[in-house]
Amino acid sequence: MKKEIAVHELRYSNTNTYLIEGSRGMILFDTGWAGSFRAFCSAMGKLDIPVQKIDFILISHFHPDHMGIAQEIADKGPEIVVMDVQKDYVHAADSVFAKENNDAFISIDDDKVRYVRIEDSREFLGTIGIDGEIISTPGHSDDSISMWLDSGELFVGDLNPLYELELHKGTQIEKSWNRLLELKPRIVYYGHAKNVDLNSEVPSIKVTDLHKLVARIMKYIDKGVSLDRIQRKTGADETFIEDVTRMYLTHSNIDVQGILDRIEIKGR
């Protein structure tokens, strides 16, 4: 009898990362910001799973909060896997860590990366006993990928949450979600939001609710609340909060509708 897939949510940084156990191996989906390696090891220790038991590291997209400790983890044994659609983005965040003089960051060693074609992803996952595939899902970024398991689990990184879908009509975000929803996922695991059981109804943001959300974000900004705390308090998408913040701080006397009129959702 085949072993069931086990999903472990690792909560050691501002980015949700996931350890998925197949019948013949393990894959880590995303890592945290540079400097979170010790916290990662502690989280693994609580699971009583040595880091060396991880076979592969898969990055949803190469933004600094998702790949910051990938090479540190890889140095302990796991292999970093890069899909062919991501190959031009592997070092996209290097300059970010350089600017902030983050000595904890170790750049990914290209010579030790395993490149996999997106069309070969099912075969690749099968090597560790996982039935599923890796899908290119641009929208949040051009290199974004999602991992779908035949058992119904879907890992989407920073693809904008389903409850915001009404805000992204006609965009690449909607196209990516439409492709994923055709698979009829059972549960969605996000990079920053709480996971969602799709057996329950997924609420979407109505226009009136959107006005309330923006007004609430503006109040938090006035109080000096950090962006990550605003995200935790409201559950809103990180990019949306950043857009609201940018518009609010750069346009004097702007109101809620003015912010909504100026946010560039198209083409995001």
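Structure summary
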{"read-out": "Measure of compaction for the chain (Cα Rg per 2.2 N^0.38 Å)", "value": "1.02"}
{"read-out": "Gained length - LEU249 relative to ALA39, 0.36 nm times residue gap less alpha-carbon distance", "value": "72.2 nm"}
{"read-out": "Cα shape, the range 10-96, gyration tensor, a/c 1.5 rule", "value": "oblate"}
{"read-out": "The chain: most fluctuating residue of LEU58, LEU181, LEU125 per GNM, C-alpha cutoff 10 Å", "value": "LEU181"}
{"read-out": "Highest-MSF residue in the chain out of SER144, SER252, SER95 [GNM, Cα springs under 10 Å]", "value": "SER252"}
{"read-out": "Rounded to 5, the percent of DSSP beta bridges in the chain classed as antiparallel", "value": "60 percent"}
{"read-out": "Rounded, prolate or oblate (a/c below 1.5 giving rounded, otherwise prolate when a/b exceeds b/c) for the range 207-262 by Cα gyration tensor", "value": "oblate"}
{"read-out": "For the range 45-127, radius of gyration divided by Kirkwood radius, i.e. Rg to Rh on alpha-carbons", "value": "0.98"}
{"read-out": "Proximal aspartates and glutamates to LYS233, defined as alpha-carbon separation beneath 19 angstrom and excluding residues fewer than eight positions away on the same chain", "value": "ASP158, GLU164, ASP209, ASP222, GLU242, ASP243"}
{"read-out": "Beta bridges per DSSP with both ends in the range 1-104, % antiparallel, nearest 5", "value": "60 percent"}
{"read-out": "Gyration tensor verdict on the range 71-173 (Cα atoms; rounded if a/c is under 1.5, prolate if a/b is larger than b/c, oblate otherwise)", "value": "oblate"}
{"read-out": "Beta bridge orientation in the range 128-268: antiparallel %, DSSP, nearest 5", "value": "70 percent"}
{"read-out": "Mean Cα-pair separation over length for the range 6-197, i.e. relative contact order, pairs under 8 Å, 6 or more apart, %", "value": "17 percent"}
{"read-out": "Computed helical MRE - 222 nm, the chain, DSSP H runs ≥ 4 contributing -39500 (n - 2.57), nearest 500", "value": "-9000 deg cm²/dmol"}
{"read-out": "Proximal charge balance of ALA74 [Cβ under 9 Å; K/R count +1, D/E count -1]", "value": "-2"}
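Only the coordinates and a few stated rules stand behind these numbers; no lab work does. Treat the numbers as computed from the prediction; the structure is a model and nothing was measured. Quick reminder, even Gly has a Cβ in these numbers, built from the backbone with ideal geometry, and neighbours come from all protein chains shown.
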